[in-house]
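The values are calculated or read from the model by the stated rules, or taken from the named source; none is laboratory data. Being a predicted model, the structure only gives us computed values, none of them experimental. Ideal geometry is used to build each Cβ from the backbone, glycine not excepted, and the neighbour counts take in all protein chains shown.
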Amino acid sequence: MNKLYRGQNLFGHLENNGVISAKGDSFSRSMKINEPMATFGNECTIGPSEKNSVISHQYDSNQYPTAGISTTPLYERALFYATSGGRNDGVIYVISRCKMTDHGIKEFDVNRIVRYPKLVMDQEVILVPISNTLPAEVIIEVIMVEAESVHSTDSSGCQ
């Protein structure tokens with residue numbers, strides 16, 4: 001797939017003027033043994049690493065902010081996040097994977113890196129731009145979506 005999607009509620013889209021920024025400044029963190037995502041089998045590293053950042057980010061990017069930006073290759077999952085599960089209007093950013101290398105953006109496929117991802121069905125791909133902001137040149141479309149366009153599905157994918 002040459003496209004990735006990012007869902008954003010309309011309030012966040014307007015508040016940020018359509019700019020997609022990471023929540024943190026670094027994409028290399030240490031893992032503490034008592035952190036909930038440091039489960040047996042997730043293969044956390046000792047000391048700071050990108051792998052620890054991927055594990056932490058996918059677990060809860062609000063509690064463990066990184067320089068990564070969550071995306072998905074699945075339009076339906078972006079629609080879910082854009083509308084907060086059908087409660088709000090939102091936008092879906094369509095991101096060109098072909099243009100990312102020209103801008104030095106790294107991508108991390110969560111389901112390939114994390115043995116036990118928190119939300120497997122998201123097929124999350126974390127993007128890490130050189131700066132904390134995704135360059136406008138990689139966003140090829142912004143789609144406005146209405147809350148009513150979402151079927152009643154919770155974050156686990158169950159209806």
Quick check on residue 66: is it in a loop (DSSP other than H, G, I, E, B), surrounded by 22 or more Cβ atoms within 10 Å (Cβ to Cβ) and at pLDDT 80 or above?
yes
Name the single residue, out of those in segment 109-124 being modelled with pLDDT under 95 and not in a loop (DSSP other than H, G, I, E, B), that is nearest to residue 80 (Cα to Cα).
122
Identify all residues within segment 15-34 that are basic (Lys, Arg) and outside any loop (DSSP other than H, G, I, E, B); write none if there are none.
29
Scan 72, 133 and give me the residue that is crowded, with 20+ Cβ neighbours inside 10 Å and either modelled with pLDDT under 95 or under 25 Å from residue 14 (Cβ atoms) (or both).
72
Of the listed residues (113, 126), the one being farther than 22 Å from residue 18 by Cβ and either aliphatic (A, V, I, L, M) or in contact (Cβ under 8 Å) with a residue 40 or more places away in the chain (or both) is 113
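Residue by residue, here is whether (1) surrounded by fewer than 16 Cβ atoms within 10 Å (Cβ to Cβ); (2) modelled with pLDDT of 80 or more; (3) under 20 Å from the mean Cα position of the chain (by Cα) holds:
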{"site": "6", "(1), (2), (3)": "no, yes, yes"}
{"site": "12", "(1), (2), (3)": "yes, yes, yes"}
{"site": "16", "(1), (2), (3)": "yes, yes, yes"}
{"site": "26", "(1), (2), (3)": "yes, no, yes"}
{"site": "40", "(1), (2), (3)": "yes, no, no"}
{"site": "54", "(1), (2), (3)": "no, yes, yes"}
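Could you say whether any residue in segment 77-86 is outside any strand (DSSP E or B) and without any contact (Cβ under 8 Å) to a residue 60 or more places away in the chain?
Checked against the condition, which is being outside any strand (DSSP E or B) and without any contact (Cβ under 8 Å) to a residue 60 or more places away in the chain, segment 77-86 yields no hits at all.
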All conditions in (1) touching a Lys or Arg at 6+ places or on another chain (Cβ under 8 Å); (2) part of a strand (DSSP E or B); (3) farther than 14 Å from residue 78 by Cβ are true of residue 127 except (3)
